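See below for the structure under consideration.
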Ligand SMILES: [Zn+2]
């Protein structure tokens, strides 16, 4: 029977630095680049530190990243909608809101896709640091 993996909490400063690196599409571990093979795929390993970016996990690993992507898009939608509504009330540009927010909801998930994946990876690396068990193979 295998031993369950222990989770760590390195502190907000370290997590913030890792998430910050991820948000500018750099390696959450070292800040190296490029980590994106193309907009929708990561390199297998970081070219600077060699950490396994896919972490050798199953294909459902990035469901957390997708949840993050959806959440970010919803927050941007809500802030955009309420911001325009409050700022322009009572002459609310309903057409701009209707078409602009629909366009944003189509484009934002695509634009935020790599950032969501890397931020998810950053949080995962923060609480489950690289180890031989999780990252040695990278397969
Ligand atoms: Zn790296």
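The values are calculated or read from the model by the stated rules, or taken from the named source; none is laboratory data. Nothing here was measured: the structure is a model prediction, and the numbers come from that model. Note that we place each Cβ from the backbone using ideal geometry, even for glycine, and neighbour counts take in every protein chain shown.
Residue 125 falls short on exactly one of the conditions (1) away from the ligand (no atom under 16 Å from the Cβ); (2) buried (at least 16 other Cβ atoms within 10 Å of the Cβ), and that condition is (1).
Remark: pairs (first residue in region 46-66, touching a residue at least 60 places away in the same chain (Cβ under 8 Å) and over 16 Å from residue 130 (Cα atoms); second residue within 13 Å of the ligand (Cβ to nearest atom) and not in a loop (DSSP other than H, G, I, E, B); Cβ separation under 8 Å; 6+ apart in sequence or on different chains) are absent.
Filter region 28-39 for residues that are more than 10 Å from the ligand (Cβ to nearest atom), touching a helix residue (DSSP H, G or I) at 6+ places or on another chain (Cβ under 9 Å) and either over 24 Å from residue 107 (Cβ atoms) or part of a loop (DSSP other than H, G, I, E, B) (or both) and give the result. Within region 28-39, 39 is the sole residue that qualifies. Counting only helices (runs of 4 or more DSSP H) wholly contained in region 58-139, the ones carrying 1 or more residues that are under 12 Å from the mean Cα position of the chain (by Cα) occupy 63-88, 94-111, 113-127. Among the residues that make up region 77-96, is at least one of them in contact (Cβ under 8 Å) with a residue 60 or more places away in the chain and more than 16 Å from the ligand (Cβ to nearest atom)? So far as region 77-96 goes, no, none of its residues is in contact (Cβ under 8 Å) with a residue 60 or more places away in the chain and more than 16 Å from the ligand (Cβ to nearest atom).
So is residue 42 over 14 Å from residue 118 (Cβ atoms), at pLDDT below 95 and more than 9 Å from the ligand (Cβ to nearest atom) or not? Spelling it out, it is not the case that residue 42 is over 14 Å from residue 118 (Cβ atoms), at pLDDT below 95 and more than 9 Å from the ligand (Cβ to nearest atom).
In region 17-31, the residues that are under 14 Å from residue 129 (Cβ atoms) form Cβ pairs under 6 Å with partners that are away from the ligand (no atom under 13 Å from the Cβ), at six or more places apart or across chains, as follows: 18/126. Among the residues of region 45-57, the ones that are near the ligand (Cβ under 10 Å from one of its atoms) and within 15 Å of the chain's Cα centre (by Cα) come to 1 in all.
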